[in-house]
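Read-outs throughout are calculated quantities, based only on the coordinates presented, and are distinct from any laboratory measurement. Just so it is clear, the structure is predicted and the values come from calculations on it, not from any experiment. Using ideal geometry, Cβ is built from the backbone for each residue, glycine included, and neighbour counts are taken over all protein chains shown.
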Amino acid sequence: MRIASMLALLALAACAAPEPTAVSTSTPAPSVGPSPATQSHAEDLLAYLGRLRTMNESALGAEAARMKRDASDVARVKGALAMTLSSQSDEGDILELVDPVTRRPNVDRDVRAMATLVHAMATERRRLKQRVAATAGELREERRATESQKQRAEALQQKLDALTELERSLAQREAQSR
């Protein structure tokens, strides 16, 4: 149940782009709810995600960098979450953070579930970016082909006009010679 609610909240959080707001990275946002000592990893990650959603791009980047310095599994997932919300982040960097967490057998199940979700989101985002790039390439090729067909049609129209003019002039000569 806890994982399902965590996944639902993360899915809702990913639906809307975060509003850029000025957030000071030097003072942590106040924690609402139980103290960190009594929070489960799922609750901690969801609370962290809520704080991330209030941050602007530069604050997200700073937060991701701060979390990358900590080698714990929770910090890796938190860093990946921060990078996931940033439009400037690279999917390879996100996957590099969460992949070891998803593969390690002795990781807390809530942390692994969030890492698996972030991994799936980053993989899908990478696939979509690749598809967009491929589609853009196909579009460029189609435009080139269309332009080539247009030029060919114009050349054929010019030839047709020239032949029509030639036929007209031959018909006039023939009419004059009679």
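Would you point out which residue out of Ala153, Ala120, Ala136, Ala113 is over 30 Å from Ala80 (Cα atoms) and of a type in the set (Gly, Ala, Ser)?
Only one candidate passes the filter, namely Ala153.
Conditions first: (1) in a helix (DSSP H, G or I); (2) surrounded by 10 or more Cβ atoms within 10 Å (Cβ to Cβ). Glu174 passes all but one, so which condition is the exception?
With respect to (1) in a helix (DSSP H, G or I); (2) surrounded by 10 or more Cβ atoms within 10 Å (Cβ to Cβ), Glu174 is out only on (2).
Return the residues of region 74-104 that are more than 21 Å from the chain's Cα centre (by Cα) and either buried (at least 21 other Cβ atoms within 10 Å of the Cβ) or more than 16 Å from His41 (Cβ to Cβ) (or both); say none if nothing qualifies.
Correct list: Pro100, Val101, Arg103.
Does Leu85 satisfy the condition of being out of contact with any His (no Cβ under 7 Å at 6 or more places or on another chain) and in contact (Cβ under 8 Å) with a residue 12 or more places away in the chain?
On the way: out of contact with any His (no Cβ under 7 Å at 6 or more places or on another chain): yes; in contact (Cβ under 8 Å) with a residue 12 or more places away in the chain: yes.
When the stated conditions are applied, Leu85 passes them.
Looking at Val111, Val98, Val77, Val118 in this structure, which one is in a helix (DSSP H, G or I), of a type in the set (Val, Ile, Thr), touching a Lys or Arg at 6+ places or on another chain (Cβ under 8 Å) and under 30 Å from Ser58 (Cα atoms)?
Working: Val111 fails: touching a Lys or Arg at 6+ places or on another chain (Cβ under 8 Å); Val77 fails: touching a Lys or Arg at 6+ places or on another chain (Cβ under 8 Å); Val118 fails: touching a Lys or Arg at 6+ places or on another chain (Cβ under 8 Å).
None of the other options fit; the residue is Val98.
List, please: which pairs have Cβ atoms under 8 Å, are six or more places apart or on different chains, and start with a residue in region 108-125 that is farther than 15 Å from Glu96 by Cα and end with one that is not in a helix (DSSP H, G or I)?
Filtered contacts from region 108-125: Asp110/Ser40.
Going by the structure shown, is Asp70 in a loop (DSSP other than H, G, I, E, B), charged (D, E, K, R) and in contact with a helix residue (DSSP H, G or I) (Cβ under 9 Å, 6 or more places away or on another chain)?
yes
Among the residues of region 108-120, which ones are among the hydrophobic types (A, V, I, L, M, F, W, C) and crowded, with 20+ Cβ neighbours inside 10 Å? Spell out how you get there, then give the answer.
Quick first cut of region 108-120, residues among the hydrophobic types (A, V, I, L, M, F, W, C) only: 111, 113-115, 117-118, 120.
Hits for region 108-120 are Val111, Ala113, Met114, Ala115, Leu117, Val118.
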